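Novice: The structure's right below; bear with me while I get my questions together.
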Amino acid sequence: MVYRKLILPFIFMLIADSGFAQLSYPDSSMPTDTPRLFAQGLLTDGLSNRDFTISPQGDEIFFTLQQPHFVTSTILHIQKKNGKWGRPEVAAFSGRYRDLEASFSPDGQMIYFSSDRPLNDTIAKKDFDIWRVKRNKNGNWDKPENLGSEVNSPKSEYYPSVTKSGNLYFTVEAGYGKGSEDIVVCKPTAAGYSKPESLPEDVNTKYDEFNAFIDPDEQFIIFSCYGRADDLGHGDLYLSRKDKSGKWLPAKHLPVPINSTALDYCPFVSADKNYLIFTSNRINNQLNNGQTKTYRQLQTLLNSPGNGWDDIYWVKFNENW
């Protein structure tokens with residue numbers, strides 16, 4: 001993989017009171033209510049980079065690099081050592097099959113992800129399942145394990161998100177669901193997990209609900225939906241909170257400019273609830289501003305973020321959403 005020289009001017013700094021690694025832009029500004037490209041030149045570089053998770057300790061990041069049309073999908077890993085962030089590398093448990101959407105457990109000792117890898121060396125997979133990899137006593141990742149038939153089905157499962165209670169939320173095209181794709185939850189049992197349950201109508205509808213980030217304390221959920229009346233284009237972000245009785249409230253459409261006419265999805269909220277990080281394939285306005293461009297200008301724009309492939313953005317999280 002070729003890493004652009006743009007990486008050099010950008011550094012990460014760790015904010016001690018949150019444990020969340022934030023990017024220091026050249027102008028030292030942080031995102032406010034307007035989304036900004038996240039870690040430009042490192043996680044956002046003009047390639048198709050999507051989804052994001054960071055360890056509770058703030059020293060490891062995982063995200064996915066894909067090719068158009070889902071030809072390949074690889075989970076990448078960035079680690080902080082001796083106070084400095086390294087460059088992306090292929091995650092120890094990825095690189096051979098199509099893997100995506102890594103998510104840390106709240107204690108940072110497990111990674112959940114989606115993969116089309118075979119169950120073993122002789123049984124090929126035709127769909128995506130939820131897998132889990134555990135950190136061993138040496139700090140390395142063990143061999144991934146499939147979560148089994150209670151969680152996984154003949155349909156594809158995507159975007160796992162785990163809470164402090166051990167509840168596992170993910171996306172599946174479920175026959176028992178309310179639409180073609182639903183957000184479901186499996187609860188931990190002594191033997192593994194309970195059967196998945198579709199979240200109520202205040203979250204799931206007859207449309208496609210997918211890619212949900214669940215608050216570790218299960219007080220709110222942010223997800224994408226395609227097809228609702230207030231959808232601005234190809235899929236938008238929505239947020240539902242729980243009331244005092246623990247019931248999910250009707251989901252609210254997140255405001256512009258967080259949502260756009262492009263696909264906005266793959267949400268993640270920092271542990272301190274200060275920032276929302278998400279993926280979008282929105283277009284750089286310079287590409288379609290009506291002005292004639294030279295070949296060199298077009299080449300630069302089409303090899304930079306905002307070229308229509310997936311990019312990672314961040315924005316200030318608003319408790320009043």
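Every read-out reported here was derived from the displayed coordinates using simple, explicitly stated rules and does not represent laboratory data. On a predicted model such as this, the values are computed, not experimentally measured, just so you know. FYI the Cβ positions are ideal-geometry reconstructions off the backbone, even for glycines, and counts take in every protein chain you see.
Novice: What full-extension length gain, to one decimal in nm, is calculated for Trp309 and Leu232 as 0.36 nm per residue of separation minus the Cα-Cα distance?
Specialist: That pair, Trp309 and Leu232, stretches by 25.9 nm at full extension.
Novice: Still on this structure: Just grab the label-to-label distance for Leu302 and Thr72, each label 7 Å out from Cα along the Cβ direction, in nm (one decimal).
Specialist: The modelled label-to-label distance comes out at 2.1 nm.
Novice: I would also like to ask the following. Roughly how many Å is it from the Cα centre of the range 82-122 to that of the range 171-242, as a whole number?
Specialist: 23
Novice: Please list, in order along the range 168-179, the HN-Hα scalar couplings obtained from phi with the Karplus expression 6.51 cos²θ - 1.76 cosθ + 1.60 (θ = phi - 60°), rounded to whole Hz, x for Gly and Pro.
Specialist: After applying 6.51 cos²θ - 1.76 cosθ + 1.60, I find 10, 9, 7, 9, 8, 8, 9, x, 8, x, 9, x Hz.
Novice: For the chain, what D do you get in µm² per second when you plug the Kirkwood radius from alpha-carbon pairs into Stokes-Einstein at 20 °C and 1.002 mPa s?
Specialist: Details: Rh = 20.2 Å.
Calculated translational D: 106 µm²/s.
Novice: Let me ask something else. So, in nm, how far is label Thr261 from label Thr292 when the simple model puts each one 7 Å beyond its Cα toward the Cβ?
Specialist: Label-label distance for Thr261 and Thr292, simple model: 2.5 nm.
Novice: Would you compute, from DSSP H runs of 4+ residues alone, the mean residue ellipticity of the chain at 222 nm, taking -39500 (n - 2.57) per run and dividing by the full residue count, rounded to the nearest 500?
Specialist: Theoretical 222 nm ellipticity from helices: -500 deg cm²/dmol.
Novice: Radius of gyration and Dmax for the range 119-173's Cα atoms, expressed in Å?
Specialist: Radius of gyration, then largest Cα-Cα span, for the range 119-173: 12.7, 38 Å.
Novice: I've got another one for you. How far apart, in nm, are two points set 7 Å out from the Cα along the Cα-to-Cβ line at Ala271 and at Lys164?
Specialist: 1.2
Novice: Based on Cβ point charges of +1 for Lys and Arg and -1 for Asp and Glu, what charge dipole magnitude is obtained for the chain about its Cα centre, in debye rounded to the nearest 20?
Specialist: Its charge dipole is roughly 800 debye.
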